[in-house]
Structures are given as C-alpha cells and as structure tokens.
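Data block below; observations after.
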Amino acid sequence: MKKILLVPDSFKGTMSSAEICSIMEEAIKTHYPGAEIISIPVADGGEGSVDAFLGALGGEKKIVSVQGPFGRKMESFFGILKNGTAVIEMAACAGLPLAGNEKNPSITTTYGAGELIKAALDSGCSRVIMGIGGSATNDGGCGVAAALGVKFFDKAGEAFVPTGGTLHKIERIDKSGLDGRLKNTELITMCDIDNPLYGETGAAYIYGPQKGADPEMVKFLDAGLRHLAEVVKREFSAGNEVYADIAESAGAGAAGGMGYGMRVFLGSSVQMGIEAVLDTVNFDELVKGADCVFSGEGKIDIQSLRGKVVMGIAKRTKQAKVPLIAIVGAIDDGIEAIYDTGVSAIFCINRRAEDFANLGPCAKSNLALAMRNIMGLLKTLN
C-alpha cells in the first residue's frame, strides 16, 4: 500500500480522533513504513472541534475576550486555518461545562458566539464554520444575532438581548443593523442532530433537562421558542411559509435553537459535521489514488445509518471506488445496510466482553492490536 487516509471520529470517553489517528498510523507503518499516510481528525462541532481542524489542516488559534454563558467576560478562542477559513465552536464561550453548578438555560446566552464570528470577520475571514455542539443555552440563537447587529424589542419598544427565559418578551425584530460583512461571508453551521425548534422533540424538551431545566421550565422554554418563531414568521415571511418551515426543519432545535437562529438571522447554511469536515479538507481530491481509507467511531448502530461519520465518508469512498474499513468499539444489531453504502468491512477493537468502565482503559491498546492484525492480514493478501 502506498497511500492511506485516516478519518476517524473520536471514541467518546476513551480516545480523541487525533489519538486514534496516531495509533492507526503507528500500526500501519509497522507493515508499510514507506506509505503516505494522511490523517484527518474528525470534529463534530462540539468541544475540541477547533483543535481537530487545526490538527488536520494547520493554522493558528486566536485568543479573544467575549461574553461567557452568563454574560460575564471570559477568554475564548477560534481557529484560522491555513486556507483562511475560521473555525468556531460555540462550546468555547457557551458550552455546558462553562455553566458549572449554575446550569440554567433560562438565563444563558449565545452572545459570545456572535462575538467570535465578529472577531473572525475582523481577522479577514470570508468563510466561517460554526460548530454548535455542547451548548448551555436555549435562546434560539438570539444572542449570536444580537452580537452581530440584530435588534430585539419588547412591547415598550426597549431593545434587549433575549435569553431562553425572555424570548416571550420579543415583540419586534430589526435586522437592518446586521453586520454587512456577512453578505460576502460563507457561513456554515455544523449540525448532526435532527430535532425541530419546538415541540416534544424540540430543543427544550429533549435537551433542556441536561442543561438544568426542570419540567416546568422546559414548558416555559418551549413556549418561548414557539413565540420566537411566530415573531420571526410575522416579521420576515412576507406572505410565505419559509420561516415556519425552518422552525420545523431538522436541526433547528440544535444547541437550544442555535440551528434555527443561525439560519433565520445570519443566513447560514447547515451541514452535517462530517460533510463540513470533508469539504474543508478537500477530501474528494485527497482520496484520489488512495489504496484504503480507515474510519471509525465508538459504536456502529442504527444512528450510524442516519449520516454519522462513517456513513458520510462511505458515500465519498464509494464514489471514488476506494475501500473503506471501519474500526469501532462496538457493533450493534441491524446495521447490515451499511455495507451497501460503501463500507467494505467493520472491525471491533474489543477482545473480550466487558462493561464499558472496564474496556475504557484498554481502548488504546485494543485499537493498536486490532490495527496491527488488520494490516498484517492486508499485507499477507497483497
């Protein structure tokens, strides 16, 4: 083998995608020391996304001061890749870990994420990728919009920055002050969930409890998101249903409605995380001439068939007619259809049946052994 691509997702709780790439590369070089190995650590839009992109493409991390989840100033960051693309993870200023013991999605804000976009524009970036995983917020993206010039008014005509608990106070929205540079900026939101903005499968009901909302608050937050969508529709739909459709579309409920706000206020497109990664690293060109691609994730299951990392890569390797091997921590039942998508083989790294708590400490050594066995087999067959 002369050329191999490594594009794994992280194994949540055990190994980062960068660590997996390193272990895979070491095993491959044992049997093919002269092979060209291209590592592409996968980012899912949550914590660690900036580092994953920088690790794959190179660039620099910018440190800036922005508002945190409770509006207090904090030190945050974003990345600028060598190709000039800015990569932002909202978790760096509005992430759930930043809320600590104060978890309360009725008062948290995405304002800092808007400040990070503004900092990227100030740095001359005309392409921005926003990862929206791991949020502590439920403000429908109003905070990020406010930081970039959108104004929200209450019944008294007073401007304010809405949070999850004050969305019901929005009476009018004025987008005329939106940062003009966004018109010439390609803005991409990475989103891997398909929840709508509101309702029993929406942002508040599904994700509110983990952010600190009790049942009563969940209902209140959901009502606020419904109200936001009604105001947006009234203010901007101009007789058509497009804004109503966005509220009900897949991913609108991501990050407490950030998926919705990024679209209706900033005009962002929304992509599955793996699609954004593959486009940014120019995967379709990199895969040309490759003998094999290795990917993987913690578990292959029914969810994998809905567009997670392995599936996203499989669509492209199938088109390029390059074999794809998935290395995983667990294989669930009912995944036979994945072989029709372009996955050539799936291997589980675990050597014995044990609880996850016991398998975690062995994950790296198990992965290394599995890779050495696979590469040994491939070399024998060649």
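What follows is calculated from the coordinates using simple rules that are stated; it is not laboratory data. Only a predicted model underlies this, so the values are computations on that prediction, with no experimental measurement involved. Glycine gets a Cβ as well: all are built from the backbone with ideal geometry, and neighbour counts include every protein chain shown.
Evaluate the charge dipole of the chain about its Cα centre and quote only its size in Debye, nearest 20, assuming +1 on the Cβ of each Lys and Arg and -1 on the Cβ of each Asp and Glu. If you can, show how the numbers build up before the last one.
Values: 38 positive and 45 negative charges, 157 e Å.
Here the chain has a charge dipole of around 760 debye.
For Lys151 and Lys288, FRET efficiency with R0 = 56 Å and r from the beta-carbon atoms, rounded to 0.05? About 0.70, to the nearest 0.05.
Dividing the Cα radius of gyration by the Kirkwood radius, what Rg/Rh value follows for the stretch 81-146? Show your work: numbers first, answer last.
Details: Rg = 12.5 Å, Rh = 12.2 Å.
With Rh from the inverse mean 1/r over Cα pairs, Rg/Rh is 1.02.
Taking all C-alpha pairs of the stretch 59-177, those more than 24 Å from each other amount to 27 percent.
Which length gain, in nm to one decimal place, applies between Glu248 and Arg234 when the Cα-Cα distance is subtracted from 0.36 nm times their residue separation?
Working: separation 14, 0.36 × 14 = 5.04 nm, distance 1.57 nm.
Between Glu248 and Arg234, full extension yields an extra 3.5 nm.
Candidate cross-link partners of Lys12 among the lysines, defined by an alpha-carbon separation under 18 Å and a same-chain spacing of 8 or more, comprise Lys299, Lys308, Lys364.
With viscosity set to 0.890 mPa s and temperature to 25 °C, compute the Stokes-Einstein D of the stretch 1-141, Rh being the Kirkwood radius across alpha carbon pairs; µm²/s, no decimals. Please list the in-between numbers first.
Numbers: Rh = 16.2 Å.
My calculation gives 151 µm²/s for D.
Please work out whether the stretch 157-213 counts as rounded, prolate or oblate from its C-alpha gyration tensor, where a ≥ b ≥ c are the square roots of the eigenvalues and a/c under 1.5 means rounded, while otherwise a/b larger than b/c means prolate and anything else oblate?
Working: a/c = 2.73, a/b = 1.27, b/c = 2.16.
Judged from the Cα gyration tensor, the stretch 157-213 comes out oblate (a/c at least 1.5, b/c at or above a/b).
Once the piece of chain linking Lys175 and Ile63 is laid out straight, how much longer is it, given 0.36 nm per residue of separation minus the C-alpha distance between them?
Working: separation 112, 0.36 × 112 = 40.32 nm, distance 2.84 nm.
Length gained, Lys175 through Ile63: 37.5 nm.
Residues in the stretch 278-308 near a label at Glu186, defined as backbone nitrogen under 13 Å from the 7 Å Cα→Cβ point? Under cut-off, by backbone N: 278-283. Maximal additional length on extending the Asn373-Glu36 stretch stands at 119.4 nm, based on 0.36 nm per residue less the C-alpha distance. Projecting the Cα positions of Val270, Gly59, Gly149 onto the charge dipole of the stretch 59-273 (unit charges on Cβ atoms of Lys, Arg, Asp and Glu, taken about the Cα centre) puts Gly59 furthest along the positive direction.
Counting other beta carbons within 10 Å of each Cβ, put Met1, Met24, Met15 in order, fewest first.
Details: Met1 17, Met24 25, Met15 22.
Placing the least packed residue first, the sequence is Met1, Met15, Met24.
Rounded to the nearest 0.05, what FRET efficiency is calculated for Lys321 and Ala159 with R0 set to 45 Å and r the Cβ-Cβ distance?
Numbers: r = 57 Å, r/R0 = 1.26.
Computed FRET efficiency for Lys321 and Ala159: 0.20.
Take the Cα of Arg127, go 7 Å toward its beta carbon, and the backbone nitrogen atoms of the stretch 71-107 under 12 Å from that spot belong to 81-87. Taking all Cα pairs closer than 8 Å and separated by 6 or more residues, the relative contact order of the chain comes to 17 percent.
Contact order, relative form, for the stretch 193-348: 18 percent (alpha carbon pairs under 8 Å, 6 or more residues apart, mean separation divided by residue count).
Counting only complete DSSP H runs, which helices of the chain cover 18 Å or more along their long axis at the Cα atoms and score a mean Kyte-Doolittle of -1.0 or above? Qualifying helices: 17-31, 215-236, 363-381.
Measuring spread by the Cα atoms of the chain yields a radius of gyration and Dmax of 21.8, 77 Å.
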